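Enquirer: Pasting in a structure now, in structure tokens, and then I'll have a few things to ask.
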Amino acid sequence: MLRHCMIRGVVEAGCDEAGRGPLAGSVFAAAVILPPHFCSDELNDSKQLTERQRVALRELIENNAVAWAVAEVTAAEIDRINILNASLLAMHRALDKLPVTPEHIIVDGNRWKPYVPEDGLLEVPADTVVKGDAKYMAIAAASVLAKTYRDDYMRRLHEEYPLYGWNHNMGYPTKEHYEALNKYGPTPYHRMTFNLKKSTLTETGRDALIERISNKETAKNTVFT
């Protein structure tokens with residue numbers, strides 16, 4: 001069973017993103033504030049759930065959350081500020097859309113940039129949690145929303161560009177996706193700063209490479225707008 005919150009007695013928002021690794025499409029993020037009584041035995045890291053479970057949990061979260069919001073950062077913005085900064089910016093945008101201002105934020109991962117609400121002057125305290133989507137309900141809920149909303153978005157893009165298999169690979173670097181890129185070239189939704197030629201890296205290796213590139217470029221992009 002996931003923990004309900006990190007700090008009791010405060011309005012706490014969980015944040016997570018979806019779509020750091022794909023070759024195409026926006027990166028999405030969600031912010032969720034759950035009520036004290038919220039409970040779900042099925043809620044977990046969205047990657048550990050089936051699509052049917054995610055869809056059912058999305059409805060449960062949206063119907064029961066104190067507040068929730070989803071936001072995106074486009075492929076063009078990703079190319080401009082890098083994927084790490086884009087992921088953090090998407091979370092900030094989701095927080096901006098919440099109708100309730102959180103008093104504390106818990107974030108999946110180990111990176112964060114100070115968040116000051118649009119109508120505020122003070123930074124909201126935040127804690128990063130490695131594998132937080134498997135530890136805290138609010139982060140897991142954000143993971144489910146970010147994942148399902150991004151999947152819906154990629155299916156819509158597939159209708160516009162049906163040759164890349166985005167309705168099932170969701171823009172990730174699959175063999176099918178690389179073959180389509182080699183044959184038809186990139187679309188306006190592809191991330192041009194990503195390696196769009198077939199790579200022999202494993203999934204773990206790709207994630208590590210993305211992290212190294214993000215770390216290297218962070219110094220160049222310490223502020224996003």
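Enquirer: Amide H of Ala13 versus every other amide H placed in the peptide plane: which residues, excluding those fewer than 5 positions away on the same chain, fall under 5 Å?
Expert: Those qualifying (amide H under 5 Å, at least 5 residues apart or on another chain) are Glu103, His104, Ile105, Ile106.
Enquirer: A follow-up question, please. Any idea how far apart Lys131 and Asp119 come out in nm if each label point goes 7 Å out from Cα toward Cβ?
Expert: Taking the two extended label points, one gets 3.9 nm.
Enquirer: With +1 assigned to the C-beta of every Lys and Arg and -1 to the C-beta of every Asp and Glu, and no other charges, what is the dipole magnitude of the chain about the Cα centre in debye, to the nearest 20?
Expert: 740
Enquirer: Oh, and also: Run the paramagnetic zone check for Arg155: 7 angstrom along Cα to Cβ, then residues of the stretch 31-63 with backbone nitrogen under 13 Å.
Expert: Of the residues in the stretch 31-63, 51-56 have backbone N under 13 Å from the label point off Arg155.
Enquirer: Throw me the Rg/Rh for the stretch 77-155, computed over C-alpha atoms with Kirkwood Rh, two decimals.
Expert: Rounded to two decimals, Rg/Rh equals 0.96.
Enquirer: Now for a different question. If you take the charge dipole of the stretch 12-150 about its Cα centre, with +1 on Lys and Arg Cβ and -1 on Asp and Glu Cβ, which of Ser143, Val66, Val124 is farthest toward its positive end?
Expert: Farthest towards the positive end: Ser143.
Enquirer: Taking every DSSP beta bridge with both residues inside the chain, roughly what % is antiparallel (nearest 5)?
Expert: Close to 60 percent.
Enquirer: Let me ask something else. Which residue, Ala56, Ala90, Ala67, has the most motion in a Gaussian network model of the chain that connects Cα atoms within less than 10 Å?
Expert: Checking each option, the largest mean-square fluctuation is seen for Ala56.
Enquirer: Could I ask something else about it? Which value in deg cm²/dmol, rounded to the nearest 500, describes the helix-derived mean residue ellipticity at 222 nm for the chain, given -39,500 (n - 2.57) per DSSP H run of n ≥ 4 and division by the residue count?
Expert: Computed mean residue ellipticity for the chain: -12500 deg cm²/dmol.
Enquirer: Could you derive backbone 3J(HN,Hα) for the stretch 17-27 from the dihedral phi with the Karplus parameters 6.51, -1.76 and 1.60 (θ = phi - 60°), listing whole Hz in sequence and x where the residue is Gly or Pro?
Expert: Coupling constants for the stretch 17-27: 10, 9, x, 6, x, x, 8, 9, x, 6, 8 Hz.
Enquirer: Among Glu12, Glu118, Glu72, which one moves the most in a GNM of the chain with springs linking Cα atoms closer than 10 Å?
Expert: Looking only at Glu12, Glu118, Glu72, the biggest GNM fluctuation is shown by Glu118.
Enquirer: Give me the extension gain from Leu163 to Val100: residue separation times 0.36 nm, minus the current Cα-Cα distance, reported in nm with one decimal.
Expert: Length gained, Leu163 through Val100: 18.5 nm.
Enquirer: Here's a follow-up. Cross-link partners among aspartates and glutamates for Lys197, C-alpha distance below 17 Å, same-chain residues fewer than 8 apart left out?
Expert: Cα-Cα hits under 17 Å: Asp79, Glu176, Glu179, Asp207.
Enquirer: What's log10 of I(q)/I(0) for the chain at q = 0.08, 0.10 Å⁻¹, Debye sum over Cα points only, no solvent?
Expert: Values, matching the q order: -0.28, -0.44.
A short reminder: the numbers here are calculations on the coordinates, not readings from a lab. All values derive from a computational prediction rather than experimental measurement. All Cβ positions, glycine included, derive from the backbone under ideal geometry; neighbour counts span all protein chains shown.
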